[in-house]
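Reading through the structure tokens given below for one structure.
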Amino acid sequence: MKKRKVILRKCDTYDVNLLSGIIREGMEELGERPKGRILIKPNIVTANKGYIHHSFTAHAVMEAMVSVLRQTFDAKTITMGESGGIGLPTRMFFSESDYYKLAKRIEIPLVDFNEEQTREVPLYRAKLHKTLLLAKSLYEADYKIWMPKLKFHIVTDFTNALKLNIGISTHKERFLYHDDRLHEKIVDLLEIGYPHLIVTDAITIGRGFESSPYPEHLGAIIIANDPVASDVVASHIMNYDPEKVRFLVEARDRGYGSLALTDIEVSGDITIDELANRTRPIYSPFQNLHELDTPIKFYEGINKNSGNPCYGGCVCSIKGVLGTAEKKFEGNLKQAKKGGIVMGYYDGDVIHPGEPVALIGTCAGVSGKLEAGKTIHIKGCPVKVADLMFWMLPRFSLKSPAADLRNLALLIYFSIIKLLMQLTIPFRPKAKIMTEKQTETIHRCRQEPDTAH
């Protein structure tokens, strides 16, 4: 049994040698000894050479991690793997983030979980996902290292270790329950996505839409041996009460560990309070649509099946599309055409004479009077981001990143490669049958988490 520990270290620059020293000392303090097949999962949710530069784990942090594994632990088999966001080809984000170049330089295979053979693995502690399609690299890993990028998040307040697990699911299952049940989904995935080590890039953090964020300097590296403990500390750093962060409360209630700082050993050369003071003045847009500087009016309805606001579904999609459009074209939202956007089923009137109104989601509708110059209904549960980019944004005279010829060419090119790679999956060597020990490694949290270590 190991006590849950989180180490906070000052680090103002992306210097590989400095980072290597910090990570090595942190692992020694935690008593971590990686061996066997090591899987590193960075955060590469999106990237674009033109305007998305801070959504992914910095190269230097990854390079330092690999250096420590090789030089200190003589690690032989190391793989980096990820399933990128928004349902778009992960290869495109690998290329745009220059992770392919990084992988070549440090001689580490970089895999897209969507292009690997998968096995259906049962989940024993989940509420929604009773099984999960697990990519070969995840399935065969003996030791897992999660390397998130600390960012504010438009739905879950912030993203760190637990939210990173959305990227262990393939695109076939990524959007399952990504609606008003998102917090429960995140904790479902913790059973499989329970890493041995978490090293968080908090040198430059992100504010705004987490997939196309604005950079803010924080100057820290967070190292932990428990994902829930790491997120509890991160929550305080980002000035959120863990008892009000829904996925953390869900994790606690399912027995994954206490949310009290007194139950976590926190050490290092910088304090939580010092880091929290640095993030306190930061305003992160797109967490509240009604605070955006735009003539568009928003109507947040409910999922008619559950009666709950669909914050993780269509509301999330709208926030993300607007956040990306604003990041690509500064001032885009302020210059939009007046109108209304209805997400889900809205209880009330929506009055916009002579103006566009967009109904977002299959269940979208209005209980009262709907008056508009032109109404469009974009269906989906949740609605596809591409549909919003192509069909909704132009209705409000908003410039769309999807209309950029370079972006369109990249999407087509990498979509074709992804399809070809997926067609070759049946002809590749089968994933090995797991030993009992490997099964225990995958289900590290089938028992109480304090004994999982």
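The values are calculated or read from the model by the stated rules, or taken from the named source; none is laboratory data. Remember, predicted model here, so these are calculated numbers, not experimental data. Glycine gets a Cβ as well: all are built from the backbone with ideal geometry, and neighbour counts include every protein chain shown.
Within the stretch 143-167, can you find the residues that are over 20 Å from residue 216 (Cβ atoms), out of contact with any helix residue (DSSP H, G or I) (no Cβ under 6 Å at 6 or more places or on another chain) and not basic (Lys, Arg)?
Correct list: 143, 145, 166, 167.
Among the residues of the stretch 374-383, are any among the charged types (D, E, K, R), assigned by TED's automatic domain parsing to the domain that holds residue 332, touching a strand residue (DSSP E or B) at 6+ places or on another chain (Cβ under 9 Å) and in a helix (DSSP H, G or I)?
no
Please determine whether any residue of the stretch 350-359 is closer than 12 Å to residue 383 by Cα, touching a Pro at 6+ places or on another chain (Cβ under 9 Å), of a type in the set (A, V, I, L, M) and crowded, with 24+ Cβ neighbours inside 10 Å.
No.
Given 51, 100, 14, which one is within 25 Å of the chain's Cα centre (by Cα) and without any contact (Cβ under 8 Å) to a residue 12 or more places away in the chain?
100
Given the options 9, 70, name the one that is surrounded by fewer than 24 Cβ atoms within 10 Å (Cβ to Cβ) and touching a residue at least 24 places away in the same chain (Cβ under 8 Å).
Selected residue: 9, the only one of 9, 70 that is surrounded by fewer than 24 Cβ atoms within 10 Å (Cβ to Cβ) and touching a residue at least 24 places away in the same chain (Cβ under 8 Å).
Among the residues of the stretch 384-404, count how many are in a helix (DSSP H, G or I) and either closer than 25 Å to residue 112 by Cα or small (Gly, Ala, Ser) (or both).
The total comes to 7.
Considering the stretch 106-124 alone, what residues qualify as being touching a helix residue (DSSP H, G or I) at 6+ places or on another chain (Cβ under 8 Å) and either under 11 Å from residue 80 (Cβ atoms) or not polar (S, T, N, Q) (or both)?
106, 108, 109, 110, 111, 112, 113, 115, 116, 119, 121, 123
Taking the condition assigned by TED's automatic domain parsing to the domain that holds residue 12, touching a strand residue (DSSP E or B) at 6+ places or on another chain (Cβ under 6 Å) and among the acidic types (Asp, Glu), does residue 115 pass?
So residue 115 fails the test.
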